[in-house]
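Read the structure below first, then the notes.
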Amino acid sequence: MKDIIVIDKLSFRYDNKYIFNNFSLKIKENSFVSIIGPNGSGKSTLAKLLVGLLKVADEITIFDLIMNEKNLNDIRKDIALIMDTTNDCFVAETVADEIVFGLENLGLKNSDIKKRLDEIVKLLKIDSILNTDPYSLSGGEKKLVSLASSLIMNPKIIVIDDAFEMIDKETKEKIFKYLKQQKKLTIINITHNIEDVYYSDRTIILNQGDILVDGPTLKVLEQDKVFNRIGIELPFMLDLSLKLKLYGLVDKIILDMNEMVNELWK
Ligand SMILES: Nc1ncnc2c1ncn2[C@@H]1O[C@H](COP(=O)(O)OP(=O)(O)OP(=O)(O)O)[C@@H](O)[C@H]1O
Ligand SMILES: [Mg+2]
């Protein structure tokens, strides 16, 4: 697989405070990468840099295009950012119109739009709010509408910046599973919650603009000392798994309670 995102020695600062200094990162096409780090580690800054919201940086190459003024619109067309802010901005009067707004602007056939809308609505279970004014929705529902509006456009890269905090666990798992199944989608999932990295193939631990650990998710999850040091809490099942593994009672990380019980009864 080729690299879809290449960041080569990027430096970025707000006023005189450096957030990234000589920062490099490569992300493969169709991969599902999580970036986890404590508050203020630079995650949202990175997300905004990737979509050209903070600065147009020629140290960043996406889809083989250097991120400069000339290429910015071409890059943005295929990359979606779902942010953590609660004040989402909507343009239409109903949820359904809001979700299809972008597709309609592309001039797609009504039947195709309808088909894609139905698929997304089913996935996110938002049929009951389709005729509602998006501004009157709850925080979690607003996030789902933003996600639906992005997914319907078939982006090649989706960057999720701590946006699923307000979405219940079951729906979140369904969304991650769906995203993972998409053959031509690269997912960058930014979070400070370890439970949100379970679905990704690769996990990066970021602290103060530096990559502390980078590797396959199950290997990175073993770095309990690093998580403790930067103040990220281990979920119960992960903590338990690592302790049992240390004493040789299990030989791998098991995050599902039933699977753990079966393993221990063997
Ligand atoms: N617009 C801004 N102007 C000045 N400093 C900023 C600005 N935005 C962020 N910062 C600073 O940059 C650092 C990194 O912020 P960033 O939002 O990238 O962190 P984060 O990892 O997303 O944190 P969180 O988990 O809290 O969302 C923080 O110290 C923050 O104070
Ligand atoms: Mg953030």
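The values are calculated or read from the model by the stated rules, or taken from the named source; none is laboratory data. From a predicted model like this one, the values you see are computed outputs, not experimental measurements. Positions of Cβ are backbone-derived with ideal geometry, glycine not excepted, and every protein chain shown enters the neighbour counts. These area figures cover heavy atoms from the full protein model, side chains too; ligands, DNA and RNA do not enter into them. Shrake-Rupley method; radii C 1.70, N 1.55, O 1.52, S 1.80 Å.
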Checklist entry - Do we have any residue at all in the range 215-234 that's out of contact with any Asp or Glu (no Cβ under 9 Å at 6 or more places or on another chain), in contact (Cβ under 8 Å) with a residue 24 or more places away in the chain, outside any helix (DSSP H, G or I) and on the phi > 0 side of the Ramachandran plot? => result yes
Next on the checklist: Pairs please, first residue from the range 116-133 and on the phi > 0 side of the Ramachandran plot, second anywhere and part of a helix (DSSP H, G or I), Cβ atoms under 8 Å, 6+ apart in sequence or on different chains.
Outcome noted: Lys125/Thr171
Item to check | Residues of the range 148-174 that turn out to be modelled with pLDDT of 90 or more and either away from ligand 1 (no atom under 16 Å from the Cβ) or of a type in the set (Val, Ile, Thr) (or both), as a count | outcome: 13
Next on the checklist: Here are the criteria: (1) small (Gly, Ala, Ser); (2) under 20 Å from Ser150 (Cβ atoms); (3) not in a loop (DSSP other than H, G, I, E, B). Tell me which single one Ser11 does not satisfy.
Outcome noted: (2)
Next on the checklist: Filter the range 152-163 down to the residues that are under 24 Å from Asp118 (Cβ atoms) and touching a residue at least 60 places away in the same chain (Cβ under 8 Å) and list them by number.
Outcome noted: Met153, Pro155, Lys156, Ile158, Ile160, Ala163
Checklist entry - Is it the case that some residue within the range 82-100 is open to solvent by less than 50 Å² (accessible area, probe 1.4 Å) and either touching a strand residue (DSSP E or B) at 6+ places or on another chain (Cβ under 6 Å) or within 16 Å of ligand 2 (Cβ to nearest atom) (or both)? => result yes
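Let's see how each residue does on (1) open to solvent by less than 40 Å² (accessible area, probe 1.4 Å); (2) within 16 Å of ligand 1 (Cβ to nearest atom); (3) aromatic (Phe, Trp, Tyr):
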position	(1), (2), (3)
Ile19	yes, yes, no
Glu29	no, no, no
Ser41	yes, yes, no
Leu53	no, yes, no
Met67	yes, no, no
Asp74	no, no, no
Ile79	yes, no, no
Item to check | Residue selected from the range 247-264 under the condition assigned to a loop (DSSP other than H, G, I, E, B) and within 28 Å of the chain's Cα centre (by Cα), by the criterion surrounded by the fewest Cβ atoms within 10 Å (Cβ to Cβ) | outcome: Lys252
